[in-house]
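Participant: My questions will all concern the structure given below.
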Amino acid sequence: MTDIAELERQLTAAIAQAGDEAQLEQVRVAALGKKGSISELLKSLGTLSPEERKTRGPQFNGLRDRITTAIAGRKQALGDAALNARLAAERVDITLPVRPEPRGSIHPVSQVLDEITAIFADLGFAIAEGPDVEFDDYNFTRLNMPPGHPAREMHDTFYVAAQDDSAAANGEAAGQQKTRNVLRTHTSPVQVRTMLKEKPPIRIIAPGRTYRVDSDATHTPMFHQIEGLVIDRETHLGHLKWTMEEFAKAFFEVEKVEMRARPSFFPFTEPSVEWDIRCDRSGGQIKFGTGDDWLEFAGSGMVHPRVLELCGLDPTEYQGYAFGAGLDRLAMLKYGIPDLRPMFESDLRWLSHYGFAALDIPTLDGGISR
Ligand code: DAH
């Protein structure tokens, strides 16, 4: 006859030794499965005499119940241990300090935009904005380029399906033009928007995206410009010159610049002046203040009386100056970037080479570049 106490000892030991749920299952099958040792005992009850059955029956059943309970207990313990091990392995230490090196960098165009904003904010200029999809009227006509004007041709304009502009239909441009259908070819339409909306004195810069059908090493179909506009009663060319010089000195971070004014033509200014900066490019790097070379810096002029009129200002009362420069071009010059096109290709290698520390904000007292 099987020694029940011995069987129980063996099974209990096997249960305790089972290292995982699969091993434990083997023990269970060996004891309680169809052909298991306990199942065989229970089956043998049928062959016993009624007396023996009376004593053996409770023993076998008791054994089965204790082993079943022991297996369940062990199973629970193994499950808890497995969960604890997984929790420990997958633990995230949220008390660790954040990565000391910030990832990502500031694009040179954003950097230069922040620098220029800091410079002009210090001079008392506000930031003005306009939409990328603009009225033909604002991009051209009110800047003294009526339909058919030859200067329009030079802008290589992208025309787009007309965009309804309900704000304009109800407001400022009511009765004029209600749909916007050009990608602005320059930031100058922001001058128009500002004059239509605000009363002088006006002192704004307007940075933003601009578009022209053009693509080579120094032109991309989308590029950036910065516009400036100052309107008051006695603003004159001397103010413009001073502003250009302060801008150039602060931007290129030099004590002194020598600037040259070249007479030029823009339909929206009279007279029109282009500003060059004396520089030296002989060492492969650009230096300001010395040299025999000249660098084109910005276009500008006194706002044409016709433009003032078209924008609702009386030219016998007000006058002012405006200027415009290419932001990408300024970024390339300042930071020695040779080709314009990679600027807009989102190549991470390019960005990490030419990009700027993400947490350094340009300020005039803290230093505008790094
Ligand atoms: N809008 C001109 C361009 O895209 C740049 C410019 C020239 C802007 C003279 C001005 C200005 O405000 O006065 O070429």
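The values are calculated or read from the model by the stated rules, or taken from the named source; none is laboratory data. Since the model is a prediction, treat every value here as computed from it, not as a measurement. Don't worry about glycine lacking a Cβ; one is built from the backbone with ideal geometry, like all the others, and counts go over all protein chains shown. Keep in mind that these areas ignore ligands, DNA and RNA; they rest on the heavy atoms of the full protein, side chains included. Shrake-Rupley method; radii C 1.70, N 1.55, O 1.52, S 1.80 Å.
Participant: Sorted from largest down, what three extents in whole angstroms do the Cα atoms of region 4-90 have along their principal axes?
Facilitator: If we take the Cα atoms of region 4-90, the spans are 59, 19, 16 Å.
Participant: With θ set to phi - 60°, apply the Karplus curve 6.51 cos²θ - 1.76 cosθ + 1.60 along region 265-270 and write out the HN-Hα couplings as whole Hz, x wherever there is a Gly or Pro.
Facilitator: Taking θ as phi minus 60°, the curve returns 9, 9, x, 9, 10, 7 Hz for region 265-270.
Participant: Turning to a different aspect of this structure: Whose amide H sits under 5 Å from the amide H of residue 301, counting only residues 5 or more places off or on another chain, with H placed in the peptide plane?
Facilitator: Under 5 Å from the amide H of residue 301: 273, 322.
Participant: When only the heavy atoms of the protein chains count and the probe is 1.4 Å, how do 242, 294, 275, 350 rank by accessible area, highest first? Present the calculation step by step, with values, prior to reporting the outcome.
Facilitator: Numbers: 242 135, 294 60, 275 10, 350 30 Å².
Sorted by accessible area, descending: 242, 294, 350, 275.
Participant: What order do 56, 203 take when sorted by accessible area (1.4 Å probe), most exposed first?
Facilitator: 203, 56
Participant: Looking at the chain, send over the antiparallel percent of its DSSP beta bridges, to the nearest 5. Don't skip to the answer; put the middle values down first.
Facilitator: Working: 49 of 51 bridges.
Among the beta bridges of the chain, antiparallel pairing accounts for roughly 95 percent.
Participant: What FRET efficiency comes out for residue 153 versus residue 357 if R0 is 41 angstrom and r is the Cβ-Cβ distance? Round to the nearest 0.05.
Facilitator: Values: r = 43 Å, r/R0 = 1.06.
E between residue 153 and residue 357, to the nearest 0.05, is 0.40.
Participant: Please give the calculated 222 nm ellipticity per residue for the chain, where each DSSP H segment of at least 4 residues contributes -39500 (n - 2.57) and the sum is spread over every residue; nearest 500 deg cm²/dmol? Please report the intermediate quantities before stating the final value.
Facilitator: Working: 13 runs with 149 residues, N = 370.
Helix contribution divided over all residues of the chain: -12500 deg cm²/dmol.
Participant: Which whole-Hz ³J(HN,Hα) couplings does region 231-246 yield from phi under the Karplus relation 6.51 cos²θ - 1.76 cosθ + 1.60, θ = phi - 60°, glycine and proline marked x?
Facilitator: Calculated HN-Hα couplings, in order: 10, 7, 7, 10, 5, 9, 4, x, 5, 4, 4, 4, 4, 4, 5, 4 Hz.
Participant: Can I ask one more? Using only Cα atoms, find the angle between the long axis of helix 4-17 and the longest principal axis of the chain, and express it within 0 to 90 degrees, rounded to the nearest 10.
Facilitator: 10 degrees
Participant: Quickly work out the residue 316-to-residue 215 label distance, labels modelled 7 Å from Cα along the C-beta direction, and quote it in nm with one decimal.
Facilitator: With each label placed 7 Å out from Cα toward Cβ, I get 5.2 nm.
Participant: Also, I was wondering about something else. Could you tell me how far the Cα centroid of region 39-67 sits from the Cα centroid of region 284-359, in Å?
Facilitator: 98 Å
Participant: Near the amide H of residue 313, under 5 Å away, which other amide H atoms are found, from residues 5 or more places off or on another chain, if H is placed in the peptide plane?
Facilitator: none
Participant: Could you look at the chain and say what percent of its accessible area is carbon and sulfur, using a 1.4 Å probe and all protein chains? Let's see the in-between values first.
Facilitator: Working: 10740 of 20460 Å².
Here it works out to 52 percent.
Participant: Next question, about the same structure. Once amide H atoms are built 1.01 Å from N in the peptide plane, which residues 5 or more positions from residue 126, or in another chain, come under 5 Å H to H?
Facilitator: For residue 126, whose amide H was placed from the backbone, the distant partners under 5 Å are 203, 204, 205.
Participant: Taking only the alpha-carbon atoms of region 108-354, what semi-axes of the equivalent ellipsoid follow from 5 times the gyration tensor eigenvalues under a square root, in whole Å, largest first? Mind dumping the intermediate values first?
Facilitator: Working: eigenvalues 176, 105, 50 Å².
Working from the Cα gyration tensor, I get semi-axes of 30, 23, 16 Å.
Participant: Another question, if that's okay. Label-point separation (nm) for residue 335 and residue 66, each offset 7 Å from Cα along Cα-to-Cβ?
Facilitator: For residue 335 paired with residue 66, the spin-label model returns 8.0 nm.
Participant: Checking the table 241/334; 199/334; 199/287 against a 29 Å threshold on Cα-Cα, which pairs fail?
Facilitator: 199/334; 199/287
Participant: Still on this structure, please answer the following. Using the Karplus curve 6.51 cos²θ - 1.76 cosθ + 1.60 with θ = phi - 60°, what ³J(HN,Hα) values do you get for each residue of region 212-229, in whole Hz, with x for Gly and Pro?
Facilitator: Result, rounded to whole Hz: 8, 6, 6, 7, 7, 4, 10, 9, 10, x, 10, 8, 10, 10, 10, 10, x, 8.
Participant: Using a simple spin-label model with points 7 Å from Cα along the Cα→Cβ vector, what separation in nm is obtained for residue 265 and residue 30?
Facilitator: 10.3 nm
Participant: Between residue 13 and residue 45, what FRET efficiency follows from the Cβ-Cβ distance if R0 is 30 Å, with the result rounded to 0.05?
Facilitator: Efficiency, rounded to the nearest 0.05: 0.75.
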